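Comments concern the structure below.
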Amino acid sequence: MAYALPFGKSGGLRNFVIAAGALAVAVIFAGAPAIAEEKSLYERIGGYKGIAATVDDLVDRIYVNQTLNQNPTLKAIHDLNERAAFKLILGAWVMENTGGPKVYFGRTMGDAHAPLNITNREFDVFLHECKETFYKFNVGQKEIDELMAALEGLRKEVVTAN
Ligand code: HEM
């Protein structure tokens, strides 16, 4: 016999090593699809139903936000009260930009917001309202982090005033 057998029985250690190796391989392969098939952000926030509910809540918050309504351009748009249409187009944008169906039919963020004279402060208020909505609907922390990072990334396109 070329090696010592600590377990007394013939082949005990070797069988143990083989079994442990097989287990390790099984664990690695079982984990691989979970990593490769992580659901899109769209799916994780509840698809179109989750997005419809959160956008509905967010737009209602934005429309009555007193800080945002001090911006006369925003106030004039809110006074038109086309909020159902705004919910639809914003929902479409969120669907497309979270990995859902390609349904957005509006302008670029730069073109849409350029005439609105949005300040960094107003942008912060908007992000704050987004968070309030996400908390209200119990969106997961990982998803909130991803959503907030994506929104923050749009600051340069949306903010055009001091
Ligand atoms: C940070 C991310 C933001 C996203 C993803 C976003 C998304 C959108 C989308 C999809 C539209 C429709 C574009 C179109 O009509 O073609 C839009 C328009 C609009 N957004 Fe935003 N927006 C953001 C930030 C803001 C902020 C910070 C404000 C105000 C404080 C704001 C106020 C408005 C208003 C008033 C309109 C309507 C413009 C119009 O009817 O001419 N948005 N936004």
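No lab work stands behind these numbers, since they all come straight from the coordinates. All values derive from a computational prediction rather than experimental measurement. A quick note on method: Cβ atoms are made from the backbone with ideal geometry, for glycine too, and the neighbour counts reach across all protein chains shown.
General remarks:
- Whole-number percent relative contact order across segment 41-158, with pairs defined as alpha carbons under 8 Å at least 6 apart: 33 percent
- Full-stretch length increase - A150, I77 - with 0.36 nm per residue and alpha-carbon distance subtracted: 23.8 nm
- Whole-angstrom Cα spans of segment 42-162 along principal axes, big to small: 37, 27, 25
- Across all C-alpha atoms in segment 94-162, the radius of gyration and Dmax reach 13.0, 35 Å.
- For segment 98-162, the list of chymotrypsin sites (Phe, Trp or Tyr not before Pro) that fall in a loop by DSSP and count at most 10 other C-beta atoms within 10 angstrom reads F105.
- Loop-resident trypsin sites (Lys or Arg not before Pro) (DSSP state other than H, G, I, E or B) in segment 95-139 with no more than 15 further Cβ atoms inside 10 Å of their Cβ: K102, R107.
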